[in-house]
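**Student:** Sharing a structure with you now.
The values are calculated or read from the model by the stated rules, or taken from the named source; none is laboratory data. Every value quoted in this text rests on a predicted model; they were computed, and no experiment measured them. Neighbour counts are summed over all protein chains in view; Cβ atoms, including those assigned to glycine, are modelled from backbone coordinates with ideal geometry. Note: accessible area is taken over every heavy atom of the protein model, side chains too, but ligands, DNA and RNA are not part of it. Shrake-Rupley method; radii C 1.70, N 1.55, O 1.52, S 1.80 Å.
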Amino acid sequence: MPYHRSMTSSFLADRMRLPTFVIGALAILAYAPSLGGGFLFDDFTNLVDNAALRALGTSQRDWFAVALSSGSGELRRPLSMLSFGLDVVLFGFNPIAFKLVNLLIHLANGALVFALGRHLVPRLVAPARSGTLPTQAIALAAAALWLLHPLHVSGVAYVIQRMNELSALFTLLGLLGYAAARVRMLRGEQGLGRAIGSLLGGGLFAVLCKENGILIIAYALVIEAFAFRFEAPTTEARRRMRVAFALLVGLPLTAIAAYLLMHPGWLLNSYTIREFTLVERVLTEARVLVHYLHWIVVPNPTAMGMYHDDLALSRSLLDPPTTVLAIGMIAALGGAAITLRRRLPGLTFAIAWFLAGHALESTVLPLELVFEHRNYLPMAGLLLGLACAVGPWLASKTPPRLAAGVAVAAVLMIAGLTAWRAHQWGDPLRLALSEAKHHPDSARSVYAAARETVIDGARRGQLQAPETTALPGFRHAAMLDPVGLHAPIAALVIEARRGTVPAGAVDDLATRLRAIKTYNKANPFLDLIVSASNEPMALTGSDLETLVDAALANPRLPPKVRAMVMNNYGAWQFNIARSAQQAIALTTAAAAEDPANPYFPLNLAKIAIAVGEKERAVGYLAEARRLDVARVHAADIGTLARQLGVAAP
């Protein structure tokens with residue numbers, strides 16, 4: 001019998017080889033149209049304009065600075081940033097190369113989903129259906145649907161989402177090692193140490209890519225509870241398994257509880273930067289999860305998108321009424337996952353994996369409400385579990401060829417939808433216009449379409465006509481979002497360049513500046529001051545003073561943002577108002593507001609050089625060098641040091 005099983009396994013592995021390669025090739029063809037889309041959205045602030053990445057092409061390169069150059073997350077996501085650094089070294093800032101690496105990581109993740117499925121499918125097919133369909137075929141079908149799903153286009157074609165892909169890669173590696181060790185344990189072999197080591201090692205690397213890697217423990221708990229069910233050859237082995245999971249789950253939960261007890265106001269205070277409350281977020285996320293399930297099970301690319309700010313907040317259980325229905329649905333699914341886990345292991349595993357995958361980003365943390373890339377790994381277990389539930393049932397009810405035909409048709413349909421969506425992502429303007437068309441009530445989508453219209457015109461050496469075309473879009477986006485800054489500032493810049501500032505525009509913008517809650521929403525205002533410092537505009541000194549005063553009067557702006565407002569206003573004073581004294585005073589105030597930032601003494605050094613005060617410049621430069629621990633500004637410091645004739649850092 002062992003010989004027979006080995007021969008059967010080998011035969012099935014041989015039969016899976018060709019379909020596996022075909023699916024991989026199909027994925028490459030489906031995603032290929034998105035590779036030419038260039039850098040998008042946050043790629044510019046995180047990568048293209050990243051000083052540490054830019055320095056890799058110079059003698060001032062510093063890999064430590066690259067690793068810590070991300071402003072995202074508590075740990076700065078160093079492994080992800082190092083991977084971007086390798087791209088820069090090997091290919092420069094070629095967006096096609098960045099996206100191709102993303103696609104290769106996605107293909108690797110698809111292979112890992114298949115490999116994990118091969119271990120789990122035999123444990124997730126209901127006993128009454130076992131033997132109706134080869135387990136490898138079920139695992140391959142689930143991996144193919146996941147790999148080719150159109151919801152993943154944004155995760156592959158949007159370069160910065162590599163952070164999410166890499167976190168998933170190490171999470172899947174850790175879970176694969178865990179599952180393989182558990183299979184060995186069921187055969188009576190040693191494996192607990194390897195299982196726990198795989199989780200800890202994979203989790204560590206995953207967290208260093210993105211914080212959601214911590215969910216590897218939640219995924220492992222789902223695998224154990226629904227697939228392996230804490231089974232072991234001996235009572236002692238079962239006890240050790242339970243103790244190990246009690247520690248793996250209990251220790252992090254205890255640490256979180258202790259932190260909340262020591263900082264009782266942390267969670268509520270963190271919502272002061274959002275336009276919604278903790279209760280509103282929790283209520284809304286129930287509807288968001290239902291939307292996610294709908295996009296996965298009924299993949300309509302026109303419903304997907306980068307932005308979903310057109311989704312109404314849930315103010316109460318009945319506002320809107322779908323809130324209570326969504327909560328009831330999620331509760332029913334959770335209850336079914338617990339009560340039916342032995343009768344319907346595949347279906348309940350799918351539910352539990354999906355909910356566990358959203359436990360971090362779709363519950364109480366004060367994050368943005370909706371992002372489709374949050375489904376990247378939650379979708380894997382969902383589709384795997386559904387394949388285990390539906391595949392054997394379909395095979396038992398239909399002739400084998402018909403069942404195979406249905407599976408092939410589903411994969412081809414999914415691939416076609418992905419190729420269509422990838423085509424949209426292959427051109428920034430086409431993408432933005434498509435998103436605005438399908439999300440006309442989304443202020444962000446409408447703004448992005450107007451912005452890309454201007455950018456596309458600039459690429460073609462035209463500006464007047466594209467700005468005229470975009471201006472109504474900026475105005476409409478400003479109307480859709482009465483508190484946002486991007487759209488009204490974009491409209492104001494166009495009009496100020498043309499010599500007119502509409503009546504009430506400055507006052508409206510000042511009102512918005514006083515009211516903004518999120519510090520990063522001040523970025524367009526910082527850019528406005530820079531634009532006013534570098535080119536002629538109809539904005540008067542009085543206009544800028546009104547706007548700067550409004551921003552500085554906002555108590556919700558943290559010192560780092562207030563410092564940047566002062567610094568940029570100082571640049572305007574130096575370049576436009578020709579007041580070096582005011583520029584020095586404002587930049588000095590910025591340095592006092594954010595004393596750990598080397599950027600401000602660096603700018604003071606530049607001003608001092610410009611006004612011929614070399615001795616002061618040397619002092620400012622020394623201070624900038626002392627503060628630049630991560631060497632983010634090493635290239636600029638080195639340039640100024642050579643200009644001043646002092647020792648380079």
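**Student:** Please give me, ordered by residue number, the trypsin sites (Lys or Arg not before Pro) of region 534-615 that lie in loop per DSSP and have at most 13 other Cβ atoms within 10 Å.
**Tutor:** Qualifying residues, ordered by number: ARG578.
**Student:** Taking the full set of protein chains and a 1.4 angstrom probe, give the accessible area of THR339 in square angstrom, rounded to the nearest 10.
**Tutor:** 110 Å²
**Student:** Moving on to the next point. Two-decimal Rg/Rh of the chain from alpha-carbon positions, Kirkwood Rh?
**Tutor:** The Rg/Rh ratio comes out at 1.01.
**Student:** Taking 10 °C and 1.306 mPa s as the conditions, I'd like the Stokes-Einstein D for region 43-171 in µm²/s, using the Kirkwood hydrodynamic radius from alpha carbon pairs.
**Tutor:** The Stokes-Einstein estimate is 96 µm²/s.
**Student:** Restricting to DSSP H runs of at least four residues, report the calculated mean residue ellipticity at 222 nm for the chain, -39500 (n - 2.57) per run over all residues, nearest 500 deg cm²/dmol.
**Tutor:** -22000 deg cm²/dmol
**Student:** Counting other C-beta atoms within 10 Å, and keeping those with at most 16, which DSSP coil chymotrypsin sites (Phe, Trp or Tyr not before Pro) do you find in region 206-243? If you can, show how the numbers build up before the last one.
**Tutor:** Working: sites: TYR219, PHE226, PHE228, PHE230; in loops: PHE230.
Counting only loop positions with at most 16 other Cβ atoms within 10 Å, the chymotrypsin sites (Phe, Trp or Tyr not before Pro) in region 206-243 are PHE230.
**Student:** Of the cross-linked pairs LYS210/LYS517; LYS99/LYS437; LYS210/LYS606; LYS99/LYS517; LYS521/LYS614; LYS99/LYS210, which ones have a Cα-Cα span greater than 29 Å in the structure shown?
**Tutor:** LYS210/LYS606; LYS99/LYS517; LYS521/LYS614
**Student:** Hey, another quick one. Could you tally the net charge around ARG194, taking each other residue with its Cβ under 14 Å from the Cβ of ARG194, Lys/Arg +1 and Asp/Glu -1?
**Tutor:** +3
**Student:** State, as an integer percentage, the relative contact order of the chain based on alpha-carbon contacts under 8 Å between residues 6 or more apart.
**Tutor:** 14 percent
**Student:** Compare THR302, THR469, THR418 by solvent-accessible area with a 1.4 Å probe and give them largest first, with all protein chains kept in place.
**Tutor:** So, going from the largest accessible area down, we get THR469, THR302, THR418.
**Student:** Relative contact order (percent) for region 12-84, with alpha-carbon contacts under 8 angstrom and 6 or more residues of separation?
**Tutor:** The value is 17 percent.
**Student:** In 5 Å bins starting at zero, report the fraction of Cα pairs in region 164-304 per bin as a rounded %.
**Tutor:** Values per bin, smallest distances first: 2, 9, 13, 14, 16, 16, 13, 9, 5, 2, 1.
**Student:** So what is the relative contact order of region 225-329, in percent, for Cα pairs below 8 Å that sit 6 or more residues apart?
**Tutor:** It comes to 23 percent, rounded to a whole number.
**Student:** What figure, in Å² to the nearest 10, do you get for the accessible area of ILE609 with a 1.4 Å probe and non-protein molecules left out?
**Tutor:** 40 Å²
**Student:** So what is the accessible area of region 223-370 per residue, in Å², with the probe set to 1.4 Å?
**Tutor:** 50 Å²
**Student:** Which ³J(HN,Hα) values, rounded to whole Hz and listed in residue order, are derived for region 482-495 from phi using the Karplus coefficients 6.51, -1.76 and 1.60 in 6.51 cos²θ - 1.76 cosθ + 1.60 with θ = phi - 60°, glycine and proline given as x?
**Tutor:** x, 10, x, 10, 4, 5, x, 6, 4, 5, 5, 4, 4, 6
**Student:** Counting only protein chains, not ligands or nucleic acids, how are SER70, SER59 ordered by accessible area (probe 1.4 Å), most first?
**Tutor:** Numbers: SER70 0, SER59 100 Å².
The ordering from most to least exposed comes out as SER59, SER70.
**Student:** Sticking with this one: Rg to Rh ratio, region 436-537, alpha-carbon atoms and Kirkwood radius? Kindly include the intermediate steps, with their values, before the conclusion.
**Tutor:** On the way: Rg = 13.2 Å, Rh = 13.9 Å.
Ratio value, two decimals: 0.95.
**Student:** Rounded to a whole number of µm²/s, how large is the Stokes-Einstein D of region 131-208 at 25 °C and 0.890 mPa s, given Rh as the Kirkwood radius over C-alpha pairs?
**Tutor:** Numbers: Rh = 14.4 Å.
Answer from the Stokes-Einstein relation: 170 µm²/s.
**Student:** Further, regarding this structure: Calculate the translational D of region 552-603 in whole µm² s⁻¹ from Stokes-Einstein, where the hydrodynamic radius comes from the Kirkwood formula applied to all Cα pairs, the temperature is 20 °C and the viscosity 1.002 mPa s.
**Tutor:** Answer from the Stokes-Einstein relation: 199 µm²/s.
**Student:** Per residue, how many Å² of accessible area does region 512-649 show with a 1.4 Å probe?
**Tutor:** On a per-residue basis, 47 Å².
**Student:** Could you look at the chain and say what percent of its accessible area is carbon and sulfur, using a 1.4 Å probe and all protein chains?
**Tutor:** Working: 18820 of 29180 Å².
Its accessible area is 64 percent carbon and sulfur atoms.
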